[in-house]
């Protein structure tokens, strides 16, 4: 792509008002093809002759902008007439909003002005070509969007006529060397939800409940007079008294302010998004008709590939919550949460969930783009920032933890995510793209430890939000040096595996891995927390696995079949149990419905996965207002155990992408039936077991050669459907 266009920005500042850039042009000959190339400093919406171009919401997406700014390509042939008006509205987006919100004043964002670069290539039937490119002949106007921000929402004046003015623009001298073609999935409007109920709270608030926590925005219709106002606030929950509650949004205002024109009108935001289940009508002219409101889910255009279902209705609700949590947090990047003044691409959340994510949806393209940004943000010394794209300084306070450089289990996303994407989809391109980044992460740890062959002396998040430590620290009671060292070993082993796939010499990494394991066993011979037991088992550190598994099982029994793990231990907890003969206890934890457990949140009305096991306590009170998201997908990683152990659908490392499959379902008497399916590159793999005339019946569908383990017997089968 050769860019003749230049970035343009209004000559005079419009303040908070989003500009509309405009160009009129004429096409006097028959057109064969017209193509638009465009991106912006902010997020944009383009229109030709009043018609919206494409369906990409929040384009151009979020990347490491100074190194990688995506541009989009659109076929605009159907829109072109003889006389044409091309407009582009540019909002703040991620580029210019106050990220991260808790570190910036509410009025502080990027110092860059709103800008757009666009180029229209027109091919005529007579063989000639024409280029219409942004330059100082374009004009700008103040749009009806008086304010638009990622965290704070939108203010829109439907009475504004300033968009009809033509004000001068100037060329903004930005380097175009960072422009890259669209790499990730586009973000689009998805499900449309009608209100579940309309209520008036004990405080007299007018509240609409959509029955589902989602990410997106609302569309509403109102019949009003010019100057009437609509003011709408968003929330995830009601408080224990049934009143509207959004203190957990912290400084994010998350509001829609709409100034009406005369008559019946319909509005929806276009350059921001919200995380919510409830809306409060702070101002709304006339009677409220719930039918005039629609919630629109917005997330990356991922194909759904996974299905989970069972005979247990609460478990099915959990499955639904996991899927909705992924949708709500996979809006161009894998965010931690979509509602408060954060919404960042936390690496730790992504790596613990990546296997589940890749079974639920086709996320190969999604992670390819995000991991490219991870590599772009990686320091020269190999350290990986906590969030990608990175908006945190090296030294900052996150909650009560002072963080610096990189944390174990978070930075390991550099290795774990590409390896899992390779296993799920079978394309080694992701390893080729990321291998240097993977190696540099291992080298960073090697060069930044107090003790050789361990990772000691760093600052880490520990077993974040575990229940077994000082609640003020939020890092759990597990030894942070042990967690860091175990991840060091695991990531080193994956780098060696990835290198073998690519035909690299991995001798040194294999030697390093053995030395790390040996040193961990010497330095940490015993384990005191559930998470330490889990990691020792899952990462194959424990020398006497039976003794460690027995100890873990007893700890859980002693805790009345409850977990105490956090972000690090929870994803592997059920695996550590079932891999070592304790599938019954793994099921006990999965089916537990008292605090703390996955089903406790379901019992308390959750429609997505919570950040805290006790985000809402049994008495209806909330855990905390400062860090308490009700759409936080990390604990949803338990779904990969349901796919891989309960239903038993497993990948094979030497035949990735489900080119070969292992089926090893693990039933439990507490369920009458369970079903899982994954749409692979070779077709759909599914596993169903259920009770039939006093026996267990297994139905296996495999799109590839498979090995089936059932009731102690092994079967080797070809593509097909099998009943056992």
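The values are calculated or read from the model by the stated rules, or taken from the named source; none is laboratory data. Just so you know, these numbers come straight off a predicted model, no measurement behind them. Positions of Cβ are generated from backbone atoms using ideal geometry, with glycine treated the same way; all protein chains shown enter the neighbour counts.
Being closer than 15 Å to residue 632 by Cβ, assigned by TED's automatic domain parsing to the domain that holds residue 491 and either outside any helix (DSSP H, G or I) or modelled with pLDDT of 95 or more (or both), is that true of even one residue in the range 394-408? Yes, the range 394-408 has at least one match.
When 379, 345 are checked against the criterion of being surrounded by fewer than 22 Cβ atoms within 10 Å (Cβ to Cβ), outside the structural domain of residue 273 (by TED's automatic domain parsing) and touching a residue at least 40 places away in the same chain (Cβ under 8 Å), a single residue qualifies: 379.
When the range 111-161 is filtered for residues that are in contact with a helix residue (DSSP H, G or I) (Cβ under 8 Å, 6 or more places away or on another chain) and in contact (Cβ under 8 Å) with a residue 60 or more places away in the chain, the ones remaining, listed by number, are 112, 114, 141, 142, 143, 150, 151. Of the strands (runs of 3 or more DSSP E) lying entirely inside the range 1-112, those containing at least 2 residues that are under 19 Å from residue 162 (Cα atoms) are 8-10, 19-26, 43-48, 83-91. Of all the numbered requirements in (1) touching a residue at least 40 places away in the same chain (Cβ under 8 Å); (2) part of a loop (DSSP other than H, G, I, E, B); (3) over 13 Å from the mean Cα position of the chain (by Cα), residue 337 misses one, and that requirement is (3). Across the range 510-530, the number of residues qualifying as closer than 15 Å to residue 545 by Cα, more than 35 Å from the chain's Cα centre (by Cα) and surrounded by 13 or more Cβ atoms within 10 Å (Cβ to Cβ) comes to 1. Go through the residues of the range 434-441 one by one and say whether even a single one is in a helix (DSSP H, G or I) and without any contact (Cβ under 8 Å) to a residue 24 or more places away in the chain. No: the range 434-441 contains no residue that is in a helix (DSSP H, G or I) and without any contact (Cβ under 8 Å) to a residue 24 or more places away in the chain. Of all residues in the range 620-661, those satisfying the criterion of being modelled with pLDDT under 95 and either closer than 26 Å to residue 586 by Cβ or not in a strand (DSSP E or B) (or both) are 620, 621, 623, 624, 625, 626, 627, 628. The conditions of being on the phi < 0 side of the Ramachandran plot and under 28 Å from the mean Cα position of the chain (by Cα) are not met by residue 157.
Condition check: surrounded by 22 or more Cβ atoms within 10 Å (Cβ to Cβ), in a loop (DSSP other than H, G, I, E, B) and outside the structural domain of residue 629 (by TED's automatic domain parsing). Does residue 226 satisfy that? Answer is no for this residue. If you check residue 489 against the conditions, is it in contact with a helix residue (DSSP H, G or I) (Cβ under 9 Å, 6 or more places away or on another chain), surrounded by fewer than 20 Cβ atoms within 10 Å (Cβ to Cβ) and under 26 Å from residue 533 (Cβ atoms)? In short, no. If you go through the range 239-264 and keep only what is part of a strand (DSSP E or B) and touching a strand residue (DSSP E or B) at 6+ places or on another chain (Cβ under 6 Å), you end up with 244, 245, 255, 256, 257, 258, 259, 264. Looking only at residues of the range 442-455 that are assigned to a loop (DSSP other than H, G, I, E, B), in contact (Cβ under 8 Å) with a residue 40 or more places away in the chain and at negative phi, we find that the one that is surrounded by the fewest Cβ atoms within 10 Å (Cβ to Cβ) is 452.
Criterion applied to 424, 429, 368 was being at pLDDT 95 or above, more than 20 Å from the chain's Cα centre (by Cα) and not assigned by TED's automatic domain parsing to the domain that holds residue 675, and the one residue passing it is 429. Kindly indicate which of 282, 332 is crowded, with 24+ Cβ neighbours inside 10 Å and out of contact with any helix residue (DSSP H, G or I) (no Cβ under 7 Å at 6 or more places or on another chain). That would be 332, the only listed residue that is crowded, with 24+ Cβ neighbours inside 10 Å and out of contact with any helix residue (DSSP H, G or I) (no Cβ under 7 Å at 6 or more places or on another chain).
Residues in the range 6-48 that are under 23 Å from residue 186 (Cα atoms) and over 33 Å from the mean Cα position of the chain (by Cα) were compared, and the one that is surrounded by the fewest Cβ atoms within 10 Å (Cβ to Cβ) is 33.
Taking (1) under 26 Å from residue 596 (Cβ atoms); (2) crowded, with 18+ Cβ neighbours inside 10 Å; (3) without any contact (Cβ under 8 Å) to a residue 40 or more places away in the chain in turn, residue 471 satisfies each apart from (2). Would you check if there is a residue in the range 532-544 being surrounded by fewer than 17 Cβ atoms within 10 Å (Cβ to Cβ), at pLDDT 95 or above, part of a helix (DSSP H, G or I) and more than 32 Å from the chain's Cα centre (by Cα)? Checked the range 532-544: no residue is surrounded by fewer than 17 Cβ atoms within 10 Å (Cβ to Cβ), at pLDDT 95 or above, part of a helix (DSSP H, G or I) and more than 32 Å from the chain's Cα centre (by Cα). For residue 582, state whether it is touching a helix residue (DSSP H, G or I) at 6+ places or on another chain (Cβ under 6 Å), on the phi > 0 side of the Ramachandran plot and free of Cβ contacts under 8 Å to residues at least 60 places away in the same chain. Criteria not met by residue 582.
Remark: residue 180 falls outside the filter, which requires a residue to be within 30 Å of residue 241 (Cβ to Cβ) and either at pLDDT 95 or above or more than 30 Å from the chain's Cα centre (by Cα) (or both). Restricting 326, 277 to those that are buried (at least 19 other Cβ atoms within 10 Å of the Cβ), part of a helix (DSSP H, G or I) and either assigned by TED's automatic domain parsing to the domain that holds residue 224 or in contact (Cβ under 8 Å) with a residue 40 or more places away in the chain (or both) reduces the list to 326. The set of residues from the range 665-696 being touching a residue at least 40 places away in the same chain (Cβ under 8 Å) and assigned to a loop (DSSP other than H, G, I, E, B) comprises 665, 666, 668, 670, 671, 672, 681. When each of 555, 626 is tested for being farther than 21 Å from residue 316 by Cα and over 26 Å from the mean Cα position of the chain (by Cα), the lone residue that passes is 555.
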